[in-house]
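Asker: Below is the structure I would like to discuss, written out as structure tokens.
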Amino acid sequence: MATIRKEIMTSARPERVWDAIRDIGALHTRLVPGFVVDTRLEPGARVVTFANGLTVREQIVAVDDEARRLVWTAESQRTTHYNGAVEVFEKEAMTLVVWTADFLPDTAAADIGVMMEAGARAMKAALDQLG
């Protein structure tokens, strides 16, 4: 199983960062605008449309306010398994966001890595605006 991990540092306060992340229906407006162009909620899931046209259904596994951790699985034609997690940590005067994806097959790593890099850039830009 392949794993990709992205770390995003922002000056935004952890509680503001977590509020944007836990708002699972607002990826396209609050967390990664431009990278995600639409998010539609369904019972227990969200349907995410990316800027490249890819649409993925993500089942929400956990929204843990105490740990500031969001976990989801995804269904797509690119993977046979995908598990994603985003965690928020206070680190000195900054906030660290850790985004981890575990997936199969390993051969999807190049494509998923490119998408996660673009997503991390969009996330940093959005979070830095939270102040």
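Asker: Just to be sure I understand, how many residues within the range 83-99 are of a type outside the set (Lys, Arg) and open to solvent by 30 Å² or more (accessible area, probe 1.4 Å)?
Answerer: The total comes to 7.
Asker: Of the residues Glu75, Glu117, which single one is open to solvent by 60 Å² or more (accessible area, probe 1.4 Å) and either modelled with pLDDT of 95 or more or of a type in the set (Gly, Ala, Ser) (or both)?
Answerer: Glu117
Asker: Still on this model: Do you know which residues across the range 59-91 are among the charged types (D, E, K, R), in a strand (DSSP E or B) and without any contact (Cβ under 8 Å) to a residue 12 or more places away in the chain?
Answerer: Within the range 59-91, Asp64 is the sole residue that qualifies.
Asker: Could we say that Gln77 is farther than 19 Å from Glu7 by Cβ and touching a Gly at 6+ places or on another chain (Cβ under 8 Å) here?
Answerer: In short, no.
Asker: Out of the residues in the range 25-36 that are buried (at least 17 other Cβ atoms within 10 Å of the Cβ) and in contact with a strand residue (DSSP E or B) (Cβ under 6 Å, 6 or more places away or on another chain), which is farthest from Glu15 (Cα to Cα)?
Answerer: Result: Val36.
Here is a yes/no grid of residues against (1) under 15 Å from the mean Cα position of the chain (by Cα); (2) modelled with pLDDT under 95:
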| position | (1), (2) |
| --- | --- |
| Ala20 | yes, no |
| Val32 | yes, no |
| Gly53 | no, yes |
| Trp99 | yes, no |
| Pro105 | no, no |
| Ala109 | no, no |
| Ala122 | yes, no |
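Asker: Name every residue in the range 92-131 that is in a strand (DSSP E or B), touching a helix residue (DSSP H, G or I) at 6+ places or on another chain (Cβ under 8 Å) and not small (Gly, Ala, Ser), in order of residue number.
Answerer: The answer is Thr95, Val97, Trp99, Phe103.
Asker: Return the total of residues in the range 16-48 being without any contact (Cβ under 8 Å) to a residue 24 or more places away in the chain, assigned to a helix (DSSP H, G or I) and within 21 Å of Val61 (Cα to Cα).
Answerer: The number of residues fulfilling the criteria is 3.
The values are calculated or read from the model by the stated rules, or taken from the named source; none is laboratory data. As the structure is a prediction and not an experimental result, all values here were calculated from the model. All Cβ positions, glycine included, derive from the backbone under ideal geometry; neighbour counts span all protein chains shown. In case anyone asks, the SASA skips ligands and DNA or RNA and just uses the protein heavy atoms, side chains included. Shrake-Rupley method; radii C 1.70, N 1.55, O 1.52, S 1.80 Å.
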